[in-house]
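Okay, structure first, notes after.
The values are calculated or read from the model by the stated rules, or taken from the named source; none is laboratory data. As the structure is a computational prediction, the values presented were derived from the model and not from experiment. Reconstructed Cβ throughout: ideal geometry from the backbone, glycine too, with neighbour counts over all protein chains shown.
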Amino acid sequence: MFAYIVRRLFSGIVMLIVMSFVTILLFFSSAVDPARVMCGKSCTPERIEQTRKALGYDKPAVQQWTAFLGGVVKGREYPADEALRKAAPQLVVDCHAPCLGYSTVTQQSVGSTLWTKLPVTGSLAIAAFIMWMVVGVGLGIISALFKGTLLDRAIVGSSLLFYAFPTFAIGIALYTYLSLKWHLVKIPAYTPISESPSAWLQGLFLPALTLALVYIAGYVRLTRAFVLESLSEDYLRTAKAKGLAPRKILFKHTMRAALTPVVTAAGLDLGGLLGGAIITETIFNYDGLGKLAVLSNAQFDLPMIVGIVLVAATFVILANLIVDLLYALIDPRVKYA
Amino acid sequence: MRLGPDDLRTEPTCRRCWPSVPDSSDEPQDFSHVGTQTATGVSAVDDVVEDDEVAGVKAVAGRTPWQLARIRLRRDKPTMVMIVTVAFALVMAVVAPILDKLGVLDPQTFHSDLINGASGGLPIGPFGGISWSHPLGVEPGTGRDLLSRLVLGVTFSLIIALSATLIAVALGTVLGIIAGYSGKFLDFWISRLVDMVLSFPQTLMLLALSSTMIALIARSTGDSNPSGGNLSKAIYIILVLGLFGWPYFARIIRGQVLSLREREFVESAKSLGARHSRIYFKEMLPNLWAPILVYFTLIMPANISAEAALSYLGVGVGNPTPTLGNVLTNAVNYPDADFTYFAVSAIFIAVLVLSFNLLGDGLRDALDPKADR
């Protein structure tokens with residue numbers, strides 16, 4: 001087991017290194033010159049050249065990549081210029097390890113900016129996760145137990161219907177009607193949980209609901225499918241035949257087998273969400289990773305974008321690993337060596 | 001279901017049956033979250049249609065899986081309805097540009113007389129300015145005919161979604177077959193590539209790469225607009241949706257191929273000295289049409305939604321060309337002020353996405369009846 005974890009972590013790190021290369025290659029060797037954008041319209045060619053050099057964009061992508069990796073491991077200085085360091089040390093910014101880069105747009109290190117956005121995105125993702133797991137899996141179980149009835153059809157049908165509408169249309173409809181027009185819900189805004197748990201929860205409700213609605217449809221169908229499958233297993237018939245209580249059959253025998261794949265999917269979806277819910281955060285003006293991504297894109301803040309992409313990818317890779325380990329925990333037939 | 005002795009004879013025709021997902025996989029995580037698709041397929045032997053009894057002679061006819069699927073599909077009323085809906089949408093998409101040329105549809109003319117300048121350009125009249133000449137009302141701010149814009153929007157949305165889906169499915173099929181069949185080295189690297197592409201946050205990458213890549217495309221296609229006109233934007237969306245869309249599908253194909261390659265007909269082709277390309281495209285591919293078809297119809301709606309989402313994020317095709325995405329993106333500015341506009345635009349996309357999704361589900365049930373969930 002331990003060897004397995006180490007191996008997976010190692011391959012995850014290798015993958016992140018490759019991804020950082022691909023990302024840097026894609027962004028820094030593309031058609032738009034970040035130095036030019038940063039410099040503004042009335043910029044002389046010399047100034048552009050100077051900015052480019054200061055930011056290290058004049059070097060080939062491979063060199064920029066190794067500098068980036070070096071920054072992650074041992075930190076780096078912006079700009080990396082010995083002469084400037086001696087002449088005017090106040091102009092040089094220290095970016096401590098693990099340094100994900102320095103954004104000249106926000107004048108902050110990428111790592112510290114991302115760190116402030118993480119709780120926002122994290123709250124949103126976890127609240128949505130709880131909602132869709134409770135509602136989606138619950139409805140899925142109900143719909144499987146009442147297979148073929150009107151209730152089953154209503155649940156599956158309505159979840160499919162919600163799934164068909166684009167997220168942003170649902171989000172804006174909820175926002176406009178529930179919040180602005182009928183005043184049923186407080187206007188969504190992020191309050192740290194340490195300040196006021198109730199305000200945190202109230203401000204979180206609508207965005208989390210919007211996000212959850214996207215996933216509920218999938219989870220209703222997934223849960224329904226696996227519960228139905230495990231209901232037809234032979235060991236269930238045996239359990240019934242030996243006179244086990246229906247409740248015990250349902251929770252101990254059906255659910256355990258049926259929910260294993262659901263847990264897998266849930267872990268992966270949560271991992272994906274932690275990297276930022278771009279559309280939901282944009283609709284509700286929620287200041288998380290997703291909104292930061294939109295903003296950085298508009299400002300050509302390349303170091304920030306590279307940072308977000310890598311952080312998001314890290315979450316996905318970690319989620320993959322955790323899910324696989326959970327799998328072994330839930331399902332005793334799975335063994336990793 | 002009855003099994004007659006004749007059934008044994010149908011085995012050779014089973015060359016074209018749907019393969020089953022292998023139960024033994026060297027990487028459990030690769031299939032662990034495939035979820036609803038991991039059910040085993042059915043072989044033609046299992047399924048005997050019973051309406052072939054002629055004058056007391058109990059003839060048991062073996063049928064090809066496609067015939068069986070067609071029979072099951074015909075019995076499945078909701079899916080038949082969805083086939084009609086999707087076919088209608090496709091016909092509409094083809095006809096719309098012609099109608100536009102003929103002047104029947106008029107998506108571009110501004111009708112300033114139909115909107116109220118004082119109230120911020122809202123349409124005059126109830127329900128978004130519905131009238132005989134504008135059956136779904138007019139667009140606020142410009143007074144353009146909404147029905148025309150939506151119908152033509154279906155055309156452009158479908159062009160984008162279809163092209164992206166074709167790229168994703170083609171890439172997924174080819175790489176899936178290669179990974180599944182060759183095993184070892186190539187399989188390892190393709191599987192790692194799949195893992196990597198799946199780990200990239202797709203929406204984020206789409207957004208983040210948009211400005212730079214669109215400029216690049218504009219430069220290489222000789223676009224008159226250096227930062228990218230609508231054509232460059234459309235090409236970008238198609239490329240990125242296609243290039244990010246294949247990995248999940250490749251995994252499914254790989255799983256199918258893993259079991260297919262152990263089958264006798266592949267072995268016999270191999271021992272006859274068939275080249276790899278022959279085995280890939282003449283032996284494997286005909287057996288993979290079922291999952292390809294099913295996933296084609298399921299990736300389509302995802303791409304239609306993605307186009308809309310990208311429009312909302314400001315990456316999509318813009319004015320004057322209508323797409324379902326940019327019409328809805330404009331409509332979400334009026335969820336209350338012009339509810340008809342908002343609702344009609346949203347429902348248009350929803351109906352299209354829903355019918356594709358239901359069609360895909362129905363096809364899956366018909367082609368793979370054991371996956372009846």
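Taking (1) touching a helix residue (DSSP H, G or I) at 6+ places or on another chain (Cβ under 8 Å); (2) among the hydroxyl-bearing types (S, T, Y); (3) more than 30 Å from B:M205 (Cα to Cα) in turn, B:Y248 satisfies each apart from (3). Quick check on A:L228: is it out of contact with any Asp or Glu (no Cβ under 8 Å at 6 or more places or on another chain), under 23 Å from B:L352 (Cβ atoms) and within 14 Å of chain B (Cβ to nearest Cβ)? No: the conditions fail for A:L228.
Checked against the criterion of being out of contact with any strand residue (DSSP E or B) (no Cβ under 8 Å at 6 or more places or on another chain), facing chain A (nearest Cβ under 9 Å), surrounded by 23 or more Cβ atoms within 10 Å (Cβ to Cβ) and under 30 Å from B:I71 (Cα atoms), the candidates B:L328, B:L352, B:L359, B:L363 yield just one match: B:L352.
Residues of segment B:184-209 that are more than 7 Å from every other protein chain (Cβ to nearest Cβ) and over 21 Å from B:R251 (Cα atoms): B:L206 alone. Where helices (runs of 4 or more DSSP H) sit wholly within segment A:98-183, those with at least 2 residues that are more than 10 Å from chain B (Cβ to nearest Cβ) occupy A:110-132, A:138-145, A:150-164. Within segment B:331-349, the residues that satisfy the criterion of being part of a helix (DSSP H, G or I), in contact with a Phe, Trp or Tyr (Cβ under 9 Å, 6 or more places away or on another chain) and more than 9 Å from chain A (Cβ to nearest Cβ) are B:F339, B:T340, B:Y341. You will find that of A:I305, A:I322, the residue that is outside the structural domain of A:F21 (by TED's automatic domain parsing), surrounded by fewer than 20 Cβ atoms within 10 Å (Cβ to Cβ) and under 17 Å from the mean Cα position of the chain (by Cα) is A:I322 and no other. Evaluating A:N285 against the criteria (1) in a helix (DSSP H, G or I); (2) surrounded by fewer than 19 Cβ atoms within 10 Å (Cβ to Cβ); (3) not charged (D, E, K, R) leaves one unmet condition, (1). Of the residues A:S179, A:S159, A:S123, the single one that is at pLDDT 80 or above, touching a Lys or Arg at 6+ places or on another chain (Cβ under 8 Å) and over 30 Å from B:T79 (Cα atoms) is A:S179. Residues of segment B:100-121 that are surrounded by fewer than 17 Cβ atoms within 10 Å (Cβ to Cβ), closer than 13 Å to B:V151 by Cα and among the hydrophobic types (A, V, I, L, M, F, W, C): B:V104 alone. Does A:Y215 fit the bill of being of a type outside the set (D, E, K, R), within 13 Å of another protein chain (Cβ to nearest Cβ), surrounded by 22 or more Cβ atoms within 10 Å (Cβ to Cβ) and touching a residue at least 12 places away in the same chain (Cβ under 8 Å)? So A:Y215 fails the test. Restricting segment A:266-323 to residues that are among the hydroxyl-bearing types (S, T, Y) and more than 9 Å from chain B (Cβ to nearest Cβ), the residue that is nearest to B:Q202 (Cα to Cα) is A:T280. Please go through segment A:233-264 and pick out each residue that is within 14 Å of chain B (Cβ to nearest Cβ) and over 29 Å from A:F129 (Cα atoms). Within segment A:233-264, A:E233 is the sole residue that qualifies. Screening A:V22, A:V32 for residues that are modelled with pLDDT of 70 or more, of a type in the set (V, I, T) and closer than 30 Å to A:F315 by Cβ leaves exactly one candidate, A:V22. Selection within segment A:211-255: residues that are more than 26 Å from A:G272 (Cβ to Cβ) and basic (K, R). The member of this set that is modelled with the highest pLDDT is A:K242.
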